[in-house]
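Peer 1: Below are the structure tokens for one structure; questions will follow.
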Amino acid sequence: MVETTLSVIKADIGSLAGHVVVPDFIMEIARKELKEAVQQKIINDFYVANAGDDLELIMTHFKGENNEEVHKLAWDTFMKGTKKAREMKIYAAGQDILSDTFSGNIRGMGPGSAEMTFTERKSDPVAIFMADKTEPGAYNYPLFRVFADPFNTAGLVIDPNLNQGFTFIIQDIKTDVPAFVEMKAPEDMYDMLALLGSTGRYTIKKIYRRDGLVAASISTDKLHHVAGKYIGKDDPVAIVRAHSGLPAMGEVLEGFTLPHLVSGWMRGSHIGPLLPVAMKDSRCTRFDGPPRVIALGFQISNGMLVGPIDLFDDIAFDISRQRGMEAADYLRRHGPFMPARLHDQDMEYTSLPGVLKKFKDRFSDKEIVPTGDAVDHSDSAE
């Protein structure tokens with residue numbers, strides 16, 4: 001049986017009026033390119049979306065993961081969009097494009113990608129999560145809850161297909177060479193949390209059911225690690241399959257009901273709540289945020305996409321959004337003070353080091369006692 005591959009590849013190649021939203025003319029370029037790719041049988045089907053200022057290419061095909069032809073299609077689409085973005089002088093045109101030449105795979109070149117290959121089940125619902133103004137570790141908390149927390153996912157207790165637990169592939173994203181570790185829930189749960197709690201270093205890459213069925217795939221591309229400097233946040237994507245021996249779609253979405261705190265937001269330098277929002281609210285304005293995540297639901301049928309449905313476009317998430325906005329308001333009152341601003345070690349690749357350089361030679365190994373400025377008091381009153 002032919003296996004279906006679902007590829008989600010994204011990039012920030014420019015947005016309107018700051019880091020807000022992808023303009024319609026960029027979206028149209030992407031749709032045109034992917035439509036031609038369907039006719040050329042490079043891909044089977046596609047959907048173009050945006051998460052804030054990130055252009056999202058959702059594609060199905062039978063070519064497997066890391067396929068050069070599919071990745072080149074995404075790269076060429078981003079390059080054509082970047083060219084138009086520069087012509088129109090939209091903001092941060094080509095921000096995520098770190099090279100002018102495609103090298104066979106899009107990873108390490110700026111754009112982010114999540115892919116999974118699977119044999120289609122009798123019914124195969126998937127949720128595709130796309131975040132803006134945050135980093136890959138933003139999915140650690142919700143996906144741990146979905147696949148390892150029985151207080152979130154009832155099926156872990158009452159469904160024998162889930163009761164066996166799940167295997168997490170965790171990546172250390174700060175190593176020069178990719179480094180992965182396999183950990184199982186519930187057996188390794190405490191040790192796994194010791195890693196996943198460090199969201200800036202350890203991220204979930206994939207999740208499998210114990211029989212090897214792939215359940216989730218997450219992008220772990222670190223822009224600053226590749227570029228060596230701050231050029232924008234990573235804005236990760238995730239693919240999660242649901243039902244039929246996996247968490248139900250309602251259990252998957254339940255993991256996102258707490259707008260947990262993530263790093264990113266303004267200049268990639270602040271902590272903010274991850275708001276689950278509808279597509280119509282997928283634009284970042286207040287302090288270039290707050291960070292947000294959208295979710296599109298599809299059925300995968302014979303290598304084609306059926307849908308989508310806007311999964312967070314539901315009043316059931318209003319309370320989550322309200323809590324998130326209250327948290328955002330509270331954090332903004334801290335101004336430049338930690339913990340609203342990231343810790344020093346996390347600011348290494350931001351623009352802050354350029355400011356701190358001016359003070360480097362003003363530090364002394366001895367305590368400084370100001371001499372004071374001379375003031376003439378001769379005419380002051382007795």
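Taken together, the values in this text are just the output of simple stated rules run on the coordinates, not laboratory data. Just so we're clear, the structure is a prediction, and the values are computed from it rather than from any experiment. Cβ coordinates were reconstructed from backbone atoms using ideal geometry, including for glycine residues, and neighbour counts include every protein chain displayed.
Peer 1: Test of understanding: what is the full-extension gain from Arg362 to Glu326, defined as 0.36 nm times their sequence separation minus their Cα-Cα distance?
Peer 2: Between Arg362 and Glu326, full extension yields an extra 8.9 nm.
Peer 1: So what is the relative contact order of the stretch 246-382, in percent, for Cα pairs below 8 Å that sit 6 or more residues apart?
Peer 2: 21 percent
Peer 1: How would Phe166, Phe144, Phe359 line up from fewest to most surrounding beta-carbon atoms within 10 angstrom?
Peer 2: Phe359, Phe144, Phe166
Peer 1: Using helices alone, what [θ] at 222 nm do you get for the chain, with -39,500 (n - 2.57) per DSSP H run of 4 or more residues, divided over all residues and rounded to the nearest 500?
Peer 2: Counting only the DSSP helices, I get -7000 deg cm²/dmol.
Peer 1: Positive end of the dipole of the stretch 4-346, charges at C-beta (+1 Lys, Arg; -1 Asp, Glu), about the Cα centre: which of Asn161, Gln322, Phe337 has its Cα farthest in that direction?
Peer 2: Value computed over the given set: Phe337.
Peer 1: Something else: Can you run phi through the Karplus equation (6.51, -1.76, 1.60; θ = phi - 60°) for the stretch 351-362 and list ³J(HN,Hα) in whole Hz, with x for Gly and Pro?
Peer 2: Once rounded to whole Hz, the list reads 7, 4, x, x, 6, 6, 4, 5, 9, 3, 8, 9.
Peer 1: Count charges around Ala295 for me, please; just the other residues with Cβ under 14 Å from its Cβ, Lys/Arg as +1, Asp/Glu as -1.
Peer 2: Neighbourhood net charge equals -4.
Peer 1: Hey, another quick one. Relative contact order, percent, of the stretch 4-346 when contacts are C-alpha pairs under 8 Å separated by at least 6 residues?
Peer 2: Value for the stretch 4-346: 20 percent.
Peer 1: Where a Cα-Cα gap under 19 Å defines reach, which lysines qualify for Lys72, not counting those fewer than 8 residues away within the same chain?
Peer 2: Answer for Lys72, where 19 Å is the Cα cut-off: Lys10, Lys32, Lys35, Lys41, Lys63, Lys80, Lys83, Lys84, listed by chain and number.
Peer 1: In sequence order, what are the phi-derived ³J(HN,Hα) couplings for the stretch 273-279 according to the Karplus relation 6.51 cos²θ - 1.76 cosθ + 1.60 with θ = phi - 60°, rounded to whole Hz, with x for glycine and proline?
Peer 2: Each residue's phi maps through the Karplus curve to give x, 8, 7, x, 10, 6, 4 Hz.
Peer 1: Quick one: which of 325-337, 24-36 comes out on top by average Cβ neighbours within 10 Å, and what's the full order, highest first?
Peer 2: Final packing ranking: 24-36, 325-337.
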